[in-house]
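The values are calculated or read from the model by the stated rules, or taken from the named source; none is laboratory data. This one's a predicted model, so the numbers in the text were calculated from it and none came from an experiment. Positions of Cβ are backbone-derived with ideal geometry, glycine not excepted, and every protein chain shown enters the neighbour counts. The area values use the complete protein model at the heavy-atom level, side chains included, leaving out ligands, DNA and RNA. Shrake-Rupley method; radii C 1.70, N 1.55, O 1.52, S 1.80 Å.
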Amino acid sequence: QGFICPRAATLVPRPAAATHAPCTAVGLSSAGNRAIALCLDSSVIVSGDGGASWSAPVAVPSAVAVGATPSQFVVASAAEAECAGVRTRTFDGATLDAPGGCVDVADAGGGNTAVAGSGTELYLWAGGAFLRSADAGGTWS
């Protein structure tokens, strides 16, 4: 498990030793040795070794939050052309899957959106809404 150092956003302290992410991180989530970081430029990077090394950045222009489950990475996007609210996509470290269902949520965006889950069950906090998906973000209630 790791976290973003508030004084140096490229530093990700972790139990074994601190490591530097290849970007200025504004979001981080981990599950076991797997981690995903949201960079200031809206790209995402992943690690499969507890942050000792990171993938090349992948651009996700509307990304506002990231999550890691034991089996997948999740990226939440807000205010896209096709979805004025929030929706999620799974991410394998190189390719984003097709987007899930769009949730019309006011005031969603960076700093007030989070996604977490386990397996196909996801939880989304966006603006003032807290939602659950039983199908990996396909639908929300």
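If the chain linking residue 121 and residue 135 were pulled fully straight, counting 0.36 nm for each residue of separation and taking away their Cα-Cα distance, it would gain 4.4 nm. From the residues 86, 52, 128, which one has its Cα farthest along the dipole of region 20-136 in the positive direction, the dipole being from +1 and -1 charges on Cβ of Lys/Arg and Asp/Glu about the Cα centre? Going by the charge dipole, the pick is 52. Once you order the gyration tensor axes a ≥ b ≥ c over the Cα atoms, which shape class does region 83-141 get: rounded for a/c under 1.5, otherwise prolate or oblate by comparing a/b with b/c? Since a/c reaches 1.5 and a/b is larger than b/c, the shape of region 83-141 is classed as prolate.
If R0 is taken as 22 Å, the Cβ-Cβ distance between residue 24 and residue 107 corresponds to a FRET efficiency of 0.35. A Cβ-based charge dipole, computed about the Cα centre of the chain with Lys and Arg at +1 and Asp and Glu at -1, lands at about 420 debye.
Between amide H atoms placed 1.01 Å from N, distances below 5 Å from residue 43 occur with 60, all of them 5 or more places distant or on a separate chain. At a 1.4 Å probe radius, carbon and sulfur cover how many percent of the accessible area of the chain? Looking at the chain in its full context, I get 55 percent from C and S. Spin-label point model (7 Å from Cα, Cβ direction): what's the residue 82 to residue 56 distance in nm? Result for the modelled spin labels: 2.4 nm. Working value for region 13-141: equivalent-ellipsoid semi-axes of 23, 15, 13 Å, each the square root of 5 times a Cα gyration tensor eigenvalue, largest first.
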